[in-house]
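Data block below; observations after.
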Amino acid sequence: MADELRPETRAVHLPQPSLSGSRPIAVPIYQTSGFAFDDPAVFAEGMGRPDGPFVYGRLSNPTVRSLEEAVAGLEGGVGAVAAASGMGAVNSVLLGLLKPGDHLIAQRALYGGTAVMLADLSRRFGIEVSHVPEDDPEALRAALRPGTRLLYLETIANPMTQVADLPGMCAAAREAGLISVVDNTFASPVLCRPLEHGADIVIHSATKYLSGHADVLGGVAVFASPELHRRVWRFAVELGATADPFAAWLTLRGIQTLPLRMERHCLNTRELALRLDNHPAVAAVHWPGLPSHPSHALARRLLPDFGGVFSFDLVGGRAAGERFMSSIRLALLAPSLGGVETLVLHPATTSHRSLTPEDLARHGIGEGTVRMAVGVEHIEDIWADVARALS
């Protein structure tokens, strides 16, 4: 038939390679919005489930599904839903599971974007939110109401790095019939797999450690049960927060070096935290690997290492923070984290700018608090930059 087609038609219907007896080493990018069928029944089947035949890019895509399967495998889940950003994954989960009048319990220390979104859920949809310490199952039990449906935690909190008592909090949630959702972005599956501690859903901003090279926006939600997976998938495809195939491909490429990068992130962070903890210009260092951190004992029980992000409070408050951030040269003054470059920011005016002064104080975020996401550069080069900025 191809020989009978005119050039205008042949330019549209390009030949496709037939793989016989071999398979690609790297996952291909399926940059297509949809798929054609010979069998109408197969077409219909693909519209109804997350693991069915590929139909339309908003529902499923081979490259995106490879990412979902990869992250689900790393976390020990039965399935995953990839989204266009970390907040896309968060909203897909919460909006897909909650309805007006429901009650949600979240830990007090949260990423600023999540905190703002929870406040918006309360204001616009009547979903009530209570906050409890991330390591206090009794406080969780005391906050329960008849309409409580969900618990939301962060393995390592942004930006003060409190560590959640995942076994205790998830056990208390399960006793009460709640769905436990854990943002595992700061730890990555290398340092923690919350499903093993009783969580029902794990969320990642794939923008961070999973992709690892500051060139992707993406999110992934991983599920412990097929029922939750299908429930959220059905909502996510209608919400339209679908992951892009090229972003999914880049994230898959990054995941291959995730364990190697996390090892270096943690080694560099340990050295920086120890040096800053003894520096006269630094009032306090917040990293769970330090014995002085409130979560240190819990972190030692849960984590093989303590992550690549930490915060520190400068003597001199806001003015000292501004001088420091305007003086760095190697480290970049930039948002996000998890890439190979070292990044710094001022939480009170960036990631947590939407919080009131009272909320910032409750989170322990001061005017002189600086968050550092440590990269994989040589530690002495990073330290030379930091020491010069401090002086």
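The values are calculated or read from the model by the stated rules, or taken from the named source; none is laboratory data. All figures in this text were calculated on a predicted structure; none of them were measured in a lab. All Cβ positions, even for glycine, are placed from backbone atoms using ideal geometry, and neighbour counts span all protein chains on display.
For the reader, a short list of remarks on this structure follows.
- If the condition is being among the basic types (Lys, Arg) and surrounded by fewer than 23 Cβ atoms within 10 Å (Cβ to Cβ), then the stretch 350-386 contributes Arg353, Arg362.
- Selection count, the stretch 123-162, where residues are charged (D, E, K, R), under 13 Å from Ala172 (Cα atoms) and in a loop (DSSP other than H, G, I, E, B): 3
- Looking only at residues of the stretch 26-55 that are in contact (Cβ under 8 Å) with a residue 40 or more places away in the chain and assigned by TED's automatic domain parsing to the domain that holds Gly79, we find that the one that is surrounded by the fewest Cβ atoms within 10 Å (Cβ to Cβ) is Arg49.
A quick yes/no check of all residues on (1) closer than 26 Å to Val376 by Cβ; (2) hydroxyl-bearing (Ser, Thr, Tyr); (3) surrounded by fewer than 18 Cβ atoms within 10 Å (Cβ to Cβ):
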| position | (1), (2), (3) |
| --- | --- |
| Gly218 | yes, no, no |
| His229 | no, no, no |
| Arg234 | no, no, yes |
| Ala247 | yes, no, no |
| Thr251 | yes, yes, no |
| Gly254 | yes, no, no |
| Arg261 | yes, no, no |
| Asn278 | yes, no, yes |
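- Between Arg230, Arg261, the distinction of being of a type in the set (Lys, Arg) and under 20 Å from Ala334 (Cα atoms) belongs to Arg261 only.
- Top-ranked residue of the stretch 89-122 - restricted to ones that are within 14 Å of the chain's Cα centre (by Cα) and outside any helix (DSSP H, G or I), ranked as surrounded by the fewest Cβ atoms within 10 Å (Cβ to Cβ): Tyr111
- Qualifying residue in the stretch 350-364 (condition: modelled with pLDDT of 95 or more and part of a loop (DSSP other than H, G, I, E, B)): no
- Checked against the criterion of being more than 27 Å from Ser188 (Cα to Cα) and touching a Lys or Arg at 6+ places or on another chain (Cβ under 8 Å), the candidates Ser336, Ser327, Ser391, Ser351 yield just one match: Ser327.
- Comparison of Arg58, Arg23 shows that the only residue that is in a loop (DSSP other than H, G, I, E, B) and either touching a residue at least 60 places away in the same chain (Cβ under 8 Å) or of a type in the set (A, V, I, L, M, F, W, C) (or both) is Arg58.
- Selection count, the stretch 310-349, where residues are in contact with a Pro (Cβ under 7 Å, 6 or more places away or on another chain) and either exposed (fewer than 15 other Cβ atoms within 10 Å of the Cβ) or modelled with pLDDT of 95 or more (or both): 1
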